[in-house]
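Notes follow the structure.
Nothing in this text is a laboratory measurement; each read-out follows from the coordinates by a stated rule. All values reported here derive from a predicted model rather than from experimental measurement. Here Cβ is always computed from backbone atoms with ideal geometry, including for glycine, and neighbour counts include all displayed protein chains.
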Amino acid sequence: MPTREQLLALTDELRRLRSGGERSVAVTEESMEQLRVAVSAAAAIPADAAVARVAGPQFLAASPTPAPAPVASRPVAAPKPAPAPALPAAPTVTLPEGDKRARWAALHELVVNDPVCRAQLRPGKKVVLGVGSLESRIFFCGEAPGAEEEVQGEPFVGPAGQLLTRMIQGMGLKREDVYIGNIMNWRPELPAGPSGIQVGNRPPTAEEMNYCLPYLKAQIEIVQPQLIVALGATAAGGLLGAGTFKTLGEIKGRWHQFAGKSVMVTYHPSYILRNNSNRSKRSIWEDLLQVMERVGLPISDKQRNFFL
């Protein structure tokens, strides 16, 4: 039976896929039954309704199936989060003269004290800026902080972040050798449960990302990476423009441009948490091999054959 952590990872990945234009995913009937049991055990609601609330009634489709799956046939609407508040115009960021460390420190002060960023936080949570080497040739860019990230004030420290760290290690690097950030500097809000704790994540709106983009561009200006790796459809949409593609598959594994830098688009690490197969791992790894080649990292035969 899936654990609570796996269910949350599944929820986040389904939201990312839907925001990227996907309208269905194929799953086995056995997996659907496991989801029904796990979700109904975690909440006092009918199992099919619970699964539909996670993904939307048309999003999960059992395959193969001789008849429509119950979750797809019931007209259960996914709950709509409260609309994000209207935001002012994006800030103009002017960095001081100085070395990279001094400029990054000045940017950090701007971001953590930005009244708009701070206003989006729940009590006790933190604004998040990127971390890592300011000399890195590679800038990994996600969409927004999650639950663990807004507590620690650092991007990619939860389950997906731990997987990203292992991916970086597979490239022959350490986490501290690269720069890791998000487009967003705060966790997009969803209604909290009875405990007052937000469960799950939602993709940021275009308005939210547009507000934070000047801070992302300032990080790129400071680090001057050779390239950016966009992790997932939402991050890719924030960098390239959401209207430039319908599904991630259209742009994944190819080179694009943002702020004068080459951009490689690949899956978000949470994709592997949802779909832990050698095929899905290999799909991401092939994109990272292109990144390694572009920046001139040595690639061993063993690395070339990972997940084959």
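A few notes on this one:
- Residues Met264, Met171, Met184, ranked from the fewest to the most other C-beta atoms within 10 Å, line up as Met171, Met264, Met184.
- Kirkwood radius for segment 115-225, taken over all pairs of different Cα atoms as the inverse mean of 1/r, rounds to 14.5 Å.
- Calculated SAXS-style log₁₀ I(q)/I(0) at q = 0.16, 0.17, 0.24 Å⁻¹ - segment 207-260, Debye, Cα scatterers: -0.49, -0.55, -1.03
- Full-extension gain in nm, Thr247 to Ala119, via 0.36 nm per residue minus C-alpha separation: 42.8 nm
- Near Phe306, once Lys and Arg are set to +1 and Asp and Glu to -1 for all other residues with Cβ below 10 Å from its Cβ, the sum equals +3.
- Segment 170-308 pair-distance distribution - Cα-Cα, 10 Å bins, rounded %: 10, 36, 36, 15, 3, 0
- Here the label points at Ile299 and Ala206, each 7 Å from Cα along the C-beta direction, are separated by 3.5 nm in the simple model.
- For segment 154-308, the Cβ-based charge dipole about the Cα centre amounts to some 500 debye (Lys, Arg positive; Asp, Glu negative; other atoms uncharged).
- With R₀ fixed at 25 Å, the C-beta to C-beta distance from Phe306 to Asp177 puts the FRET efficiency at about 0.85.
- Arranged from fewest to most other beta-carbon atoms within 10 Å of their beta carbon, Trp186, Trp255 become Trp255, Trp186.
- In segment 100-304, taking the dipole from charged Cβ atoms about the Cα centre, the farthest positive-side position among Ile272, Gly260, Asn113 is held by Ile272.
- Taken as Cα centroids, segment 220-266 and segment 282-308 sit 19 Å apart, rounded to the nearest whole angstrom.
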